[in-house]
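Worksheet for the structure shown next.
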Amino acid sequence: MTTESTSMTHPVRFWDVPDLPATDFDPLLAELLRDEPIARVRLPNGDGYAWLVTRYADVRFVTSDPRFSRQAVLGRSVTRLAPHFIPLDDAVGFADPPEHTRLRRAAAKAFSARSVEALRARTRRRMHELVDAMQRRGSPADLMEHVHNPLPLAVVSDLMGVPEHHRPAMAEWSGVLLSAGHGRERSERAKAEVGAYFTARLSQPASGNEDELLSLLSSAIERGELTLKEAVGLAVLIQVSGAHAVRNNTGNMMYALLTHPGHMARLRAEPGLLPQAIEELLRWIPHRSGVGLSRIATEDVAVGDVVIRAGEAIYASYLTANRDPDVFDDPEHLDFDRTFNPHVSFGHGPHHCVASALARMESQVMVSTLLDRLPRLRLAVPVGEVRWQRAALIRGPETLPVAW
């Protein structure tokens, strides 16, 4: 990390966002939270600098104040980690209210508490089938290959209405899009290909199956509630993030438990603690590299004692917000007794993840099934030999070898 002195009070720091081992926290983020909670940074791609806020209160403010716009990012080469912008231009991720509200409403029905609970039994059956297959293959085995890769892909693909024979392509496109390591050309090609797939699917009449999100989106197009491009943007975002993010974060959860055997033993002894434990794992795990999409100030806005000028880019770090000692007691400690846990791992404000209930359900099913079915589950290699994904935007194990 180097420093470019562009002002005495807020130098621009070059943040190279290193590949960090395991669940280690980014040292620059920890430093900024402690010493410079409103800072200026430059990332490996794009132009110029952006502000970065790290305190919990500032993160919540920036991500909910309408004067910070996602729509205004379009057409600008904002400094960023990835060589490409992940969402399509018409995606909900680049929208501001009221347009964002309209787009989000079209998909919200598929992620209601009732809809997610209806998926739980099917998800549990799939999970047991995966564990059965892994046990037949024998110990040791790779949890990423046998559980964390296939289950989230199957769940979100079932929800979307993506057939089995198209799912390998979905996995490939997701892996390219959510990486900073494939280069701009390949990343843009993957985005175009997955966009073309959903354009073709959503150009067909709605099937009438309200259990499938693609049918709901097609119906919304037919009613004039969404354009085809808007529906495609929603479909791409949900499919890609729904498979890849849950894959990596549940892999992180199991790694955390395997390296905290006391926590794992307690969950086995107190299964009713599971929902609270999942929330703490969501808070504690640094689930991404760097930061997500930026926002642009549409007018001068005071954040704490700093004025963000109109036209300047700003990022909010949910990772540091989850480690803010003003909100969380002993935030570096993984504490399953933490009852006050207002973490922001699924975001905050209008862009709070619409699929958060689904991700929680999948996490609960995966963790509880593995602990129930494999009472002697343990790492099959030394901790230092677990391989982690490189240049990943969403952090996670590449392999997770276990024995039982």
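Numerical summary
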| item | result |
| --- | --- |
| Filter result for the condition that a residue is under 29 Å from R268 (Cβ atoms) and in contact with a strand residue (DSSP E or B) (Cβ under 7 Å, 6 or more places away or on another chain), over H287, H343 | H287 |
| Helices (runs of 4 or more DSSP H) within the stretch 14-127 that include 3 or more residues in contact (Cβ under 8 Å) with a residue 40 or more places away in the chain and open to solvent by 40 Å² or more (accessible area, probe 1.4 Å) | 56-64, 99-108 |
| Matching option when the condition is at pLDDT 90 or above and in contact with a His (Cβ under 8 Å, 6 or more places away or on another chain), among R55, R34, R42, R70 | R70 |
| Residue tally, condition surrounded by 20 or more Cβ atoms within 10 Å (Cβ to Cβ) and within 23 Å of E129 (Cα to Cα), over the stretch 378-395 | 0 |
| Search result, residues across the stretch 188-214 that are in a helix (DSSP H, G or I), among the aliphatic types (A, V, I, L, M) and open to solvent by 20 Å² or more (accessible area, probe 1.4 Å) | A192, A196, A200 |
| Test: L202 is more than 30 Å from L81 (Cα to Cα) and modelled with pLDDT under 90 | no |
| Selected residue (only one of E212, E188, E225, E270 is at pLDDT 90 or above and farther than 19 Å from T23 by Cβ) | E270 |
| Residues of the stretch 254-263 satisfying the condition of being open to solvent by 10 Å² or more (accessible area, probe 1.4 Å) and either closer than 25 Å to K191 by Cβ or part of a helix (DSSP H, G or I) (or both) | Y255, L258, P261, G262, H263 |
| Qualifying positions in the stretch 264-275 - without any contact (Cβ under 8 Å) to a residue 40 or more places away in the chain and either open to solvent by less than 50 Å² (accessible area, probe 1.4 Å) or in a loop (DSSP other than H, G, I, E, B) (or both) | E270 |
| Test for R323: is it surrounded by fewer than 18 Cβ atoms within 10 Å (Cβ to Cβ) and of a type in the set (K, R) | no |
| Test: L217 is open to solvent by less than 20 Å² (accessible area, probe 1.4 Å), assigned to a helix (DSSP H, G or I) and touching a Leu at 6+ places or on another chain (Cβ under 8 Å) | yes |
| Strands (runs of 3 or more DSSP E) lying entirely in the stretch 285-404 (those with 2 or more residues that are modelled with pLDDT of 95 or more and under 29 Å from A57 (Cβ atoms)) | 295-297, 301-303, 306-308, 313-316 |
| Matching option when the condition is touching a strand residue (DSSP E or B) at 6+ places or on another chain (Cβ under 8 Å) and not hydroxyl-bearing (S, T, Y), among A30, A57, A72 | A72 |
| Options L274, L258, L282, L267: the member that is within 30 Å of D96 (Cβ to Cβ), out of contact with any Gly (no Cβ under 9 Å at 6 or more places or on another chain) and not polar (S, T, N, Q) | L282 |
| Any hit, the stretch 230-253, residues being over 23 Å from H287 (Cα atoms) and open to solvent by 50 Å² or more (accessible area, probe 1.4 Å) | no |
| Extreme residue, nearest to L32 (Cα to Cα), among residues of the stretch 276-294 that are touching a helix residue (DSSP H, G or I) at 6+ places or on another chain (Cβ under 7 Å) and open to solvent by less than 10 Å² (accessible area, probe 1.4 Å) | P286 |
| Matching residues, the stretch 186-204, being of a type in the set (S, T, N, Q) and within 16 Å of G175 (Cβ to Cβ) | S187 |
| Any hit, the stretch 359-372, residues being among the basic types (K, R) and under 21 Å from H244 (Cβ atoms) | yes |
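The values are calculated or read from the model by the stated rules, or taken from the named source; none is laboratory data. Owing to the predicted nature of the structure, the values given are computational and were not obtained by experimental measurement. Here Cβ is always computed from backbone atoms with ideal geometry, including for glycine, and neighbour counts include all displayed protein chains. Heads up: the accessible areas ignore ligands, DNA and RNA and are worked out on the full protein's heavy atoms, side chains in. Shrake-Rupley method; radii C 1.70, N 1.55, O 1.52, S 1.80 Å.
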